[in-house]
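Before I ask anything, let me first share the structure, which is written out below as structure tokens.
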Amino acid sequence: MAIFSFLSPVFIAVICLLIVFILQNKRGNEKVEKGKEKINKESRPWVDEDLQDSTELPAEEDGTSPSGAHTEPWTFVVVQDPEVKHRIREIIEEEEEVNYRKRMGDKWVNDLKRLRTNWVKEYLDTAPYLILVFKQVYGILSSDRKKTHYYNEISVSIACGILLAAIQHAGLVTVTTTPLNCGPRLRVLLERPVNEKLLMLLPVGYPSKDATVPDLKRKPLKDIMVVI
């Protein structure tokens, strides 16, 4: 698990592509169908276990995402161990139940009803890989002095965007999750240093054959772009 902590977003993308290549050969070059997702207003996409036999990962860095002053303030922790994944699920479900019942408030919970989300996160067990993205709020120099990481959250967010695009391009699926109030406990579980804070968690795998997604409408271009 620790060997993945230095990976850059593009390297993670290479991992995703290599996983696809391995599995496609193993299946006799079976084609992964794209763009044929079932639509259902009351469902969410879950991930299958198709990747669990893929353990050969590349060992060289192939690129990086842009970052403030090129500080690269990110750590990607890739979890495949079933016991660790289950412990992650226990922590998240425990905190999320409190979130839904007390912390988030009635309006927030009501806004989520159409997505049918709750504190039960079974995909944290079934997804073959979990990628936990940590932002390094500052660096630690060899002299134990702190190194400023400029725009660390924006930089890591850009890296996450690149990673999400790479996952989709590879024919895999994920769902963006931001486990509220779970960061400190997950940081301790994964033995990450105090300068790192959890920003996002991504379960990664192939879509199950009966996967469905919410029928969500997007804003038209005229509502999100202004040309001057």
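The values are calculated or read from the model by the stated rules, or taken from the named source; none is laboratory data. Predicted model only: the values in this text are computed from it and were never measured. Backbone-built Cβ (ideal geometry, glycine too); neighbour counts: all protein chains shown. Note: areas computed on protein heavy atoms with side chains; ligands, DNA, RNA excluded. Shrake-Rupley method; radii C 1.70, N 1.55, O 1.52, S 1.80 Å.
Which loop trypsin sites (Lys or Arg not before Pro) in region 143-182, with loop taken from DSSP, have no more than 10 other Cβ atoms within 10 angstrom of their Cβ?
Listed in order of number, the matching sites are Arg145.
Show me the GluC sites (Glu not before Pro) within region 83-135 that DSSP assigns to loop and that have at most 10 other Cβ atoms within 10 Å of their Cβ.
Those that pass, being in a loop and sparsely packed, are Glu122.
Report the accessible area of Ile92, computed with a 1.4 Å probe over the heavy atoms of all protein chains in place, in Å² rounded to the nearest 10.
In the full protein context, Ile92 sits at about 10 Å².
For His70, tell me the accessible area in Å² from a 1.4 Å probe, rounded to the nearest 10.
Rounded to the nearest 10, that gives 120 Å².
What is the distance, in nm, between label points placed 7 Å from the Cα along the Cα-to-Cβ direction at Met225 and at Tyr150?
Once both label points are built, they end up 2.9 nm from each other.
Another question, if that's okay. Show me 71-80, 180-189 ranked by packing, highest mean number of other Cβ atoms within 10 Å first.
Ranked from most to least packed, the peptides come out as 71-80, 180-189.
Okay, next question. Counting Lys and Arg as +1 and Asp and Glu as -1, each charge on the Cβ, what is the dipole of region 103-228 about the Cα centre in debye, to the nearest 20? Numbers along the way, then the final one.
Working: 19 positive and 11 negative charges, 70 e Å.
Its charge dipole is roughly 340 debye.
Are there chymotrypsin sites (Phe, Trp or Tyr not before Pro) in region 109-176 that DSSP puts in a loop and that have at most 14 other Cβ atoms within 10 Å, and which ones? Intermediate values should be presented prior to the final figure.
Details: sites: Trp119, Tyr123, Tyr129, Phe134, Tyr138, Tyr150, Tyr151; in loops: Trp119, Tyr150, Tyr151.
Here the sparse-neighbourhood loop sites are Trp119, Tyr150, Tyr151.
Mind giving me the FRET efficiency for Ile140 and Asp111? R0 is 25 Å, r the Cβ-Cβ distance, nearest 0.05 is fine. Display every interim value, and only then the final one.
Details: r = 39 Å, r/R0 = 1.56.
According to the calculation, E is roughly 0.05.
Calculate, in nm to one decimal, what Trp119 and Asp81 gain on full extension: separation in residues at 0.36 nm each, minus their alpha carbon distance. List each step's numbers first, then the result.
Working: separation 38, 0.36 × 38 = 13.68 nm, distance 2.19 nm.
Between Trp119 and Asp81, full extension yields 11.5 nm more.
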